[in-house]
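The values are calculated or read from the model by the stated rules, or taken from the named source; none is laboratory data. Given the structure is predicted, the values throughout are model-derived calculations rather than measurements. Positions of Cβ are backbone-derived with ideal geometry, glycine not excepted, and every protein chain shown enters the neighbour counts. Heavy atoms of the whole protein, side chains included, go into the accessibility calculation; ligands, DNA and RNA do not. Shrake-Rupley method; radii C 1.70, N 1.55, O 1.52, S 1.80 Å.
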Amino acid sequence: MKKNLVVGAGISGAILANLIASELNEKVTIIDRRKNIAGNIFDYKDKNTNITVHKYGPHIFHTNNKKVWDYLSKFTKWNYFFLKSNAVIEGNICSIPFNLTTLYQVFSKPQAQIFEEKLINTYGYGTKVPILKLKENSDKDLNFLSSYIYEHMFKNYTIKQWGLKPEEIDPTVTERVPVYISCDNRYFQDKYQGIPAKGYTKMIENILNHPNIELKLNIDFKNIKEKFDRVFYSGAIDEYFDYKYGELPYRSLEFDIQTIDKEYYQKSAVTNYPNNYDFTRITEHKYFLDEKSEKTIISIEYPKPFESGKNERYYPISNPSSQELYNKYKKEAEKINGLYFIGRLGDYKYFNMDLAIEKIFELFGEIK
Ligand code: FAD
Ligand code: UDP
């Protein structure tokens, strides 16, 4: 029987450990250097208010992949939840992604009608148009509209988030939040959306609850002396190789979590502040599970450069030079038998949870 080590008890590591333990009936040791499981989807119940807090930022599970949804549904019930985010634009609370409702919140009715008609005639109702594509449209009205959206929603948010302008980052990043020619105010349109009814940490605990799985927290991979036949590593690939080709760039965040002495702080779970302040968004956590309390908990999100030892890596910064550097590490990894890199850091990809799970299913299919 093969001995398996999974490094990192986030969603990627936990699911792989479960598949190996349950479907291959092999022993798995899973470690994490944090004191808790669940990686960046870790949540906890605040003792004073009983509100579940997403410690590392707002996490909404959403997917079109039934296999992924059904798999997680074996370990959790769901609070069916659609995120309806707002952004403060010129002091007004507006729906985002920017959509046909937003048009009427931002412009006078006659002006909004002109834009609405042009958008529908040009792109079709229900279409999603990335802002950088919309900016290429030379029609006078649509050009005015795209510049407005770019200036008021994307430019300063992206500068805060990445330290770069939208056109300086991988276009797939801003394409995550396209202009949506629709009255659908939801942030995501996936078929399956929800929040684990007892929280993400409980869901991961259930995934790890298998007699073949041994969990060890507070331990770094570099302190593991035991030998394993297979090692699945969901930490940063550049760190694994001791940065021998140089450091991969990442973006980090700082969360200022506050208890506020009023029932509700804002009108929805997430409010973005593209233009004002140094933070990008405020999350109000009680909305996710519709929890009742006289108080509320918010977290204010400040983007930061990643500094090793000081903060966490949250986002890989994808550009041609970081991709080239990542490929060097990947080649190095391929030379080592029984070593697999997984997850957002191991694959160096801006994965949502569902894509991270799809990649784990793929890898498991290969090793099986
Ligand atoms: P991680 O959760 O990062 O887990 C890696 C684990 O490995 C960590 O626990 C780490 O401590 C451990 N580790 C690393 N190195 C070592 C080592 N050397 N030794 C021991 N342990 C180690 N996705 C969605 O689908 N919906 C959302 O709404 C959403 N919102 C997000 C909001 C924010 C602010 C962020 C940053 C991400 C969001 N995501 C969202 C993405 C989601 O967080 C990731 O897809 C998911 O957490 C990736 O899981 P993972 O297991 O690959 O990595
Ligand atoms: N974005 C923006 N303004 C917004 C929301 C998003 O400019 O109000 C851009 C920004 O570049 C951001 C990207 O779209 O990094 C992706 O946003 P998303 O909400 O998906 O970010 P995440 O939740 O992954 O941090």
Practice prompt. Using the structure shown, decide if K202 is open to solvent by 30 Å² or more (accessible area, probe 1.4 Å), in contact with a Pro (Cβ under 7 Å, 6 or more places away or on another chain) and closer than 30 Å to K66 by Cα.
Written response: yes
- Message: Take A14 and tell me if it is within 16 Å of ligand 2 (Cβ to nearest atom) and either touching a strand residue (DSSP E or B) at 6+ places or on another chain (Cβ under 9 Å) or hydrophobic (A, V, I, L, M, F, W, C) (or both).
- Response: no
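Could you tell me whether G13 is in contact (Cβ under 8 Å) with a residue 60 or more places away in the chain, in contact with a Lys or Arg (Cβ under 9 Å, 6 or more places away or on another chain) and not β-branched (V, I, T)?
Criteria not met by G13.
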Pairing a residue in the range 78-92 that is within 10 Å of H152 (Cβ to Cβ) with any residue that is of a type in the set (V, I, T) and surrounded by fewer than 18 Cβ atoms within 10 Å (Cβ to Cβ), where Cβ atoms lie under 8 Å and the two sit 6 or more apart in sequence or on different chains, gives A87/I93
Considering residues that are hydrophobic (A, V, I, L, M, F, W, C) and open to solvent by less than 20 Å² (accessible area, probe 1.4 Å), the number found within the range 154-168 is 1
In the range 76-108, anything within 15 Å of ligand 1 (Cβ to nearest atom), of a type outside the set (S, T, Y) and open to solvent by less than 40 Å² (accessible area, probe 1.4 Å) is listed as W78, F81, L83, I96, P97
Within the range 310-357, restricting to residues that are within 11 Å of ligand 1 (Cβ to nearest atom) and of a type in the set (D, E, K, R), the one that is farthest from G163 (Cα to Cα) is D354
All conditions in (1) surrounded by fewer than 19 Cβ atoms within 10 Å (Cβ to Cβ); (2) farther than 18 Å from N99 by Cβ; (3) of a type outside the set (K, R) are true of E175 except (2)
Turns out the helices (runs of 4 or more DSSP H) fully within the range 81-165 with at least 3 residues that are at negative phi and under 26 Å from the mean Cα position of the chain (by Cα) are 100-106, 131-134, 156-162
Being at pLDDT 95 or above, farther than 30 Å from F288 by Cβ and open to solvent by less than 50 Å² (accessible area, probe 1.4 Å) narrows N223, N212, N143 down to just N212
Cβ pairs under 8 Å, 6+ apart or interchain, first in the range 222-233 and among the acidic types (D, E), second surrounded by 11 or more Cβ atoms within 10 Å (Cβ to Cβ) and not in a strand (DSSP E or B), ordered by first then second residue, are D229/K2; D229/G338
If you go through K304, K267, K262, the only one that is within 13 Å of ligand 1 (Cβ to nearest atom), touching a residue at least 24 places away in the same chain (Cβ under 8 Å) and among the basic types (K, R) is K304
The residue from K330, K349, K335, K292 that alone is of a type in the set (D, E, K, R) and under 16 Å from the mean Cα position of the chain (by Cα) is K349
Flagged in the range 333-348 as open to solvent by 30 Å² or more (accessible area, probe 1.4 Å) and over 10 Å from Y233 (Cβ atoms), in numbering order, are E334, K335, I336, N337, R344
If we keep only residues of the range 19-33 that are touching a Leu at 6+ places or on another chain (Cβ under 7 Å) and either in a loop (DSSP other than H, G, I, E, B) or more than 9 Å from ligand 1 (Cβ to nearest atom) (or both), then the residue most open to solvent (accessible area, probe 1.4 Å) is T29
Out of (1) more than 16 Å from W162 (Cα to Cα); (2) of a type outside the set (D, E, K, R); (3) within 16 Å of ligand 2 (Cβ to nearest atom); (4) in contact with a Phe, Trp or Tyr (Cβ under 6 Å, 6 or more places away or on another chain), the one F279 does not meet is (1)
Checked against (1) open to solvent by less than 40 Å² (accessible area, probe 1.4 Å); (2) more than 16 Å from ligand 1 (Cβ to nearest atom); (3) among the charged types (D, E, K, R); (4) closer than 30 Å to S293 by Cα, D43 satisfies every condition except (2)
Among (1) under 22 Å from L164 (Cβ atoms); (2) surrounded by 20 or more Cβ atoms within 10 Å (Cβ to Cβ); (3) within 15 Å of ligand 2 (Cβ to nearest atom); (4) of a type outside the set (D, E, K, R), A236 falls short only on (3)
